[in-house]
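Written below as structure tokens is the structure these notes are about.
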Amino acid sequence: MAGNWQQTVAQTVAGMGYELVDLERSAGGMLRLTIDWPWAPGQSERFITVDDCERVTRQLQWVLEVEGVDYRRLEVGSPGIDRPLRHARDYERFEGEVVEVTLRAPIGAAASGLVAATRRKFRGVLCRGSTPGAWRLELLSDDDKRLGPKRAARVATARGAGDEPGAAAQTVRVLDFTLDEVREARLAPVVDFTGRRPGKRLPQQAQGEAEGVRNDKLA
């Protein structure tokens, strides 16, 4: 492929006012990218539509041809319900959402018997940590069943007041971490008896319309 095609794609998407969430190239020559609207604190959510995907597709087809980038297929889509979290602003944006975090290294001795020392993956509600740059997962029930009442340096218990005045304090299992410890993080789809359903930020209809815009280009 000619030149730095990743930079070409990123600059084109940003120049059109979108955020490049993810970008990959398969062995078969497919370029697949995910776009979203940029976010700022206090700003209302905007959702990617099929028109946005088609607009980016048309522009990239022209740019990649001019730049001499060789590819077989181009696919542009919306983030979907399992959107990756790659930057600090993503964590800020999705604070309070259910997130799956995979650590770079097993939790090791910090587990102190609360979870397997080889465990890397955790699922819970994303919260800010107690220090700048730190984050916390309030682990959900599936994780909670595996944890005991003890404390550990990394997997610990935190006590908070109940929701109602006079209610008893509740014990919440938490995982504290920093972004440099994370190998991968993404929004966790919520599963109910009818199957997967999206979180509050991406209606199913909008997701279905935006995903799967494909355009072929013979190499």
Residue ID - nearest to I81 (Cα to Cα), chosen from residues in segment 1-36 that are loosely packed, with under 14 Cβ neighbours inside 10 Å and in contact (Cβ under 8 Å) with a residue 12 or more places away in the chain:
G17
In segment 118-141, what residues are under 10 Å from F177 (Cβ atoms) and of a type outside the set (F, W, Y)?
G129, A134, R136, L137
So G113, is it loosely packed, with under 13 Cβ neighbours inside 10 Å, modelled with pLDDT of 95 or more and out of contact with any Asp or Glu (no Cβ under 8 Å at 6 or more places or on another chain):
no
Those residues of segment 5-44 which are in contact with a helix residue (DSSP H, G or I) (Cβ under 9 Å, 6 or more places away or on another chain) and assigned to a loop (DSSP other than H, G, I, E, B), in sequence order
M16, Y18, W37, P38, W39, A40, P41
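The values are calculated or read from the model by the stated rules, or taken from the named source; none is laboratory data. Remember, predicted model here, so these are calculated numbers, not experimental data. Methodologically, a virtual Cβ is constructed for each residue, glycine included, from the backbone with ideal geometry; neighbour enumeration extends over all protein chains shown.
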